[in-house]
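Asks: Below are the structure tokens for one structure; questions will follow.
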Amino acid sequence: MVLMHMRGTPETMSRLTNYPDGLIPTIATSLLARVAEAEAAGIRRWRIILDPGIGFAKTSAQNLEILRCMAELRDWPGLRGLPWLVGSSRKRFIGEVTGEELDAREKRGWGTAATVVAAVQGGADVVRVHDVSAMTKVAKMSDAIWRV
């Protein structure tokens, strides 16, 4: 079961990007609560995967912060040892950073590759991507570099 951090609905989440207690602590606290709810509902801990929710109620700067701080999230008390999924493929923030138009998602491959590298370096166990063949190579190379 994948537990993802997000606020609101797809219609409202773009207005819910204020994190007065800090982005990483808020994500961690929210996911801790979701893990507790899942376990209380009978989901075994070994069946849980966490997702920081890149693109869901986050600004471009916040999405980049998540990628920079994956190791901190993975090491958060109560979340240690759980696998993490990062789904950054072709997201809007990649287009904003690289200058690709919003309707040119298929042109965001190089930016996606960089986010996959950052996710793997930060300890992500799973990456959700569109271009599976190319990103498999990126993930394999990243694993070879950082997961010795």
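Asks: Using θ = phi - 60° and the Karplus form 6.51 cos²θ - 1.76 cosθ + 1.60, what ³J(HN,Hα) does each residue of region 20-34 get, whole Hz, x for Gly and Pro?
Replies: x, 8, x, 5, 5, x, 5, 4, 4, 5, 4, 5, 4, 5, 5
Asks: How much mean residue ellipticity at 222 nm does the chain get from its helices, if each DSSP H run of length 4 or more adds -39500 (n - 2.57) and you divide by all residues, to the nearest 500 deg cm²/dmol?
Replies: Taking each H run of at least 4 residues, the total per residue is -14000 deg cm²/dmol.
Asks: I've got another one for you. Rounded to the nearest whole Å², what accessible area per residue is found for the chain with the 1.4 Å probe?
Replies: I get 56 Å² per residue for this part.
Asks: Count the net charge of all other residues whose Cβ sits under 12 Å from the Cβ of Glu65, scoring Lys and Arg as +1 and Asp and Glu as -1. Mind showing how you got there, number by number?
Replies: Working: positive: Lys58, Arg68; negative: Glu72.
Every neighbour counted, the sum reads +1.
Asks: Taking amide H positions as placed 1.01 Å from N in the peptide plane, with prolines and chain starts having none, which residues 5 or more places from Arg90, or on another chain, fall under 5 Å of its amide H?
Replies: HN-HN under 5 Å from Arg90: Thr112.
Asks: Hey, another quick one. Taking the Cα centre of region 16-93 as the origin and placing charges on Cβ (Lys, Arg +1; Asp, Glu -1), which of Gly87, Ser30, Ala71 is farthest toward the positive end of the dipole?
Replies: My answer, from the dipole projection, is Gly87.
Asks: So how long is each side of region 65-148 along the principal axes, counting just the alpha-carbon atoms, biggest first, in Å?
Replies: Rounded to whole Å, the extents work out to 40, 23, 16 Å.
Asks: Next question, about the same structure. At most 11 other Cβ atoms within 10 Å plus a DSSP loop assignment makes a site exposed; report the longest stretch of the chain without any exposed trypsin sites (Lys or Arg not before Pro).
Replies: Segment 81-146 is the longest.
Asks: Karplus couplings for region 115-120 from phi (6.51 cos²θ - 1.76 cosθ + 1.60, θ = phi - 60°), rounded to Hz, Gly and Pro as x?
Replies: Couplings: 5, 5, 4, 4, 5, 5 Hz.
Asks: While we're here: Need one number: the % of Cα-Cα pairs in the chain sitting beyond the 19 Å mark.
Replies: Here the long-distance tail beyond 19 Å is 53 percent of all Cα pairs in the chain.
Asks: Another question, if that's okay. Give me the percent of accessible area attributable to carbon and sulfur for the chain, probe 1.4 angstrom. Mind showing how you got there, number by number?
Replies: Values: 4620 of 8230 Å².
The C+S portion of the solvent-accessible surface of the chain is 56 percent.
Asks: Hey, can you grab everything whose amide H is under 5 Å from the amide H of Val2? Only 5+ residues off in sequence or another chain; H modelled, so Pro and N-termini drop out.
Replies: HN-HN under 5 Å from Val2: Ile49.
Asks: Around Trp84, which amide H atoms from residues at least 5 apart in sequence, or from another chain, sit under 5 Å from its own amide H, with H modelled in the peptide plane?
Replies: When sequence neighbours closer than 5 places are left aside, the close amide H contacts are Leu50, Asp125, Val126.
Asks: Relative to the Cα centre, what is the charge dipole magnitude of the chain, using +1 at the beta carbon of each Lys and Arg, -1 at the beta carbon of each Asp and Glu, and rounding to the nearest 20 debye? Show your work: numbers first, answer last.
Replies: Values: 20 positive and 16 negative charges, 62 e Å.
Using only the charged Cβ atoms, the result is roughly 300 debye.
Asks: Sticking with this structure for a sec: At most 13 other Cβ atoms within 10 Å and a DSSP loop assignment: could you name the GluC sites (Glu not before Pro) in region 66-119 that fit?
Replies: On the way: sites: Glu72, Glu96, Glu100, Glu101, Glu106; in loops: Glu100, Glu101.
Within region 66-119, the qualifying GluC sites (Glu not before Pro) (loop, at most 13 other Cβ atoms within 10 Å) are Glu101.
The values are calculated or read from the model by the stated rules, or taken from the named source; none is laboratory data. All values reported here derive from a predicted model rather than from experimental measurement. Every residue, glycine among them, receives a Cβ derived from its backbone with ideal geometry; neighbour counts consider all protein chains shown. Only protein heavy atoms, including side chains, enter the accessible area calculation; ligands, DNA and RNA are left aside. Shrake-Rupley method; radii C 1.70, N 1.55, O 1.52, S 1.80 Å.
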